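Quick notes on the structure that follows.
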Amino acid sequence: LLPRQRYLRTERAEVSALERKRNVLCCLITRILKVEKRLHVDNLVFRVTDACRKGELGPGLQFLSFSCHSVDVLSCVLH
């Protein structure tokens, strides 16, 4: 019952952009989980989407904000 991977039917440039987005999401997930050892999945998804909206990667680091949907975050969590 994993969410569908949207990049399976896209062009190479789009695949590259989506893979970079997925890498950023995985980094955010890892950074949040290092601080919060026990965090419900719903709260984790909210914190990651909030960080994406604000453009925050961590202390002193920022990236350009991009649209981040809960399905994208959940897909990375389950992956």
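The values are calculated or read from the model by the stated rules, or taken from the named source; none is laboratory data. This one's a predicted model, so the numbers in the text were calculated from it and none came from an experiment. Ligands, DNA and RNA are excluded from the accessible area calculation, which covers all protein heavy atoms including side chains. Shrake-Rupley method; radii C 1.70, N 1.55, O 1.52, S 1.80 Å.
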Measure of exposure for Ser67: accessible area at 1.4 Å probe, Å² rounded to 10, is 80
Is the shape of the stretch 14-57 best called rounded, prolate or oblate, per the rule: a/c under 1.5 gives rounded, else a/b larger than b/c gives prolate, else oblate, with a ≥ b ≥ c the square roots of the Cα gyration tensor eigenvalues? prolate
Val35 accessible area, assembled protein chains, probe 1.4 Å, Å²: 110
